[in-house]
Amino acid sequence: MNSADSLWSRTCRCDCRGAGELLRAGEAPYGSYAPVEVIQLLGLARAKNAVRIGRFAVERPSGMESGIVSDSISTYLDEMLNVVKSISKADVRAVVERLFRGWLEGSTTYIIGNGGSASTASHMMNDLNKMTTVEGAPRFRAVALTDNVPYITAVANDIEYADVFVEQLRNLLRPNDILVAISGSGNSENVVRAATYARQAGASVVALCGPPGSRLCRSADTVVSVPAKSICQQEDGHLMLNHAIALALRERIAATV
């Protein structure tokens, strides 16, 4: 190894005073990096294989120069395809029928979730209200309990976070209404408490879960499981279910006009 390679094989971390401590390149997350001034000393051959980020140059990972993308992308998408194929279509149809019956009865559907599932709850509220609109037919009634941030923070601050959904249901839920609870783990306390209360109050609970067997699955009347190990793929599956459910529900509503 020549002196240039030896210098490149180490990482130079510098502060505004110039001097810095030397770290081994193996500790750098995306390859070796060093101040651009150092890279220039190593010669154009190595500099061509560097990407400049501010004052620092980062050595390109192997394969980047030829446009090769990590195979993890193919792996993720292939796994996702298998996950989608494993979702029970009969369970999805059961959800559509329950929501359709709620529409016929003038019920309101409330939707809850945490984190990525909270964003899916808001998305689902949007699609159930907008995508199911048919001229001449009553509108679907959907409310995302994830969207009232002042109320959520008030309950979380004054009572506890586990009650942020159930406290809203105490104000709004009526018998024969529907609660759609979205959770990858199926064990989030605030979601489980809301589902338990909803059933006690005479409402129906629809659960969009990850693998079966969770507390939420056991608390629900109708369950669709997305049997993926990855929470990312569970959330992807829930968003796809949202669209499939909304489109199928619109067909059922349109057939009544």
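The values are calculated or read from the model by the stated rules, or taken from the named source; none is laboratory data. Not measured: the values here are computed from a predicted model. Ideal geometry is used to build each Cβ from the backbone, glycine not excepted, and the neighbour counts take in all protein chains shown.
Within the range 143-161, the set of residues being under 20 Å from the mean Cα position of the chain (by Cα) and among the hydrophobic types (A, V, I, L, M, F, W, C) comprises V143, A144, L145, V149, I152.
Look at the range 179-202: where a residue is of a type in the set (K, R) and a partner is in a helix (DSSP H, G or I), sitting 6+ places away or on another chain with Cβ atoms under 9 Å, you get R193/A162; R193/D163; R193/V166; R199/S219. As for the range 116-135, it holds at least one residue that is surrounded by fewer than 22 Cβ atoms within 10 Å (Cβ to Cβ), touching a residue at least 60 places away in the same chain (Cβ under 8 Å) and farther than 30 Å from I87 by Cα. I'd like to check something: does the range 154-170 contain any residue that is surrounded by fewer than 17 Cβ atoms within 10 Å (Cβ to Cβ) and touching a residue at least 40 places away in the same chain (Cβ under 8 Å)? Within the range 154-170, none of the residues are surrounded by fewer than 17 Cβ atoms within 10 Å (Cβ to Cβ) and touching a residue at least 40 places away in the same chain (Cβ under 8 Å).
Farther than 16 Å from V191 by Cα and without any contact (Cβ under 8 Å) to a residue 24 or more places away in the chain: which single residue out of P150, P175 fits that description?
Details: P175 fails: without any contact (Cβ under 8 Å) to a residue 24 or more places away in the chain.
Of P150, P175, the one residue that is farther than 16 Å from V191 by Cα and without any contact (Cβ under 8 Å) to a residue 24 or more places away in the chain is P150.
So that you can scan it fast, the table gives a plain yes or no per residue for (1) acidic (D, E); (2) in contact with a helix residue (DSSP H, G or I) (Cβ under 9 Å, 6 or more places away or on another chain); (3) not in a loop (DSSP other than H, G, I, E, B):
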{"residue": "E167", "(1), (2), (3)": "yes, yes, yes"}
{"residue": "S185", "(1), (2), (3)": "no, yes, no"}
{"residue": "V191", "(1), (2), (3)": "no, yes, yes"}
{"residue": "T196", "(1), (2), (3)": "no, yes, yes"}
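Scanning for something part of a loop (DSSP other than H, G, I, E, B) and closer than 16 Å to A244 by Cβ, does the range 104-124 turn up at least one residue? No: the range 104-124 contains no residue that is part of a loop (DSSP other than H, G, I, E, B) and closer than 16 Å to A244 by Cβ.
Within the range 230-255, residues that are closer than 16 Å to G186 by Cα and in contact (Cβ under 8 Å) with a residue 60 or more places away in the chain reach partners that are assigned to a helix (DSSP H, G or I) and of a type in the set (A, V, I, L, M) with beta carbons closer than 7 Å, at six or more positions or on different chains, in the pairs Q233/M80; Q233/V83; D236/M80; G237/V83; G237/V84. Considered as a group, the residues in the range 215-250 that are in contact with a Pro (Cβ under 9 Å, 6 or more places away or on another chain) and over 21 Å from V96 (Cβ atoms) include one that is modelled with the highest pLDDT, and that residue is A228. Scan the range 191-212 and tell me whether some residue there is within 30 Å of M80 (Cα to Cα) and modelled with pLDDT under 95. There is at least one residue in the range 191-212 that is within 30 Å of M80 (Cα to Cα) and modelled with pLDDT under 95.
When the residues of the range 221-241 are filtered to those that are out of contact with any Cys (no Cβ under 8 Å at 6 or more places or on another chain) and assigned to a loop (DSSP other than H, G, I, E, B), the one that is surrounded by the fewest Cβ atoms within 10 Å (Cβ to Cβ) is K229.
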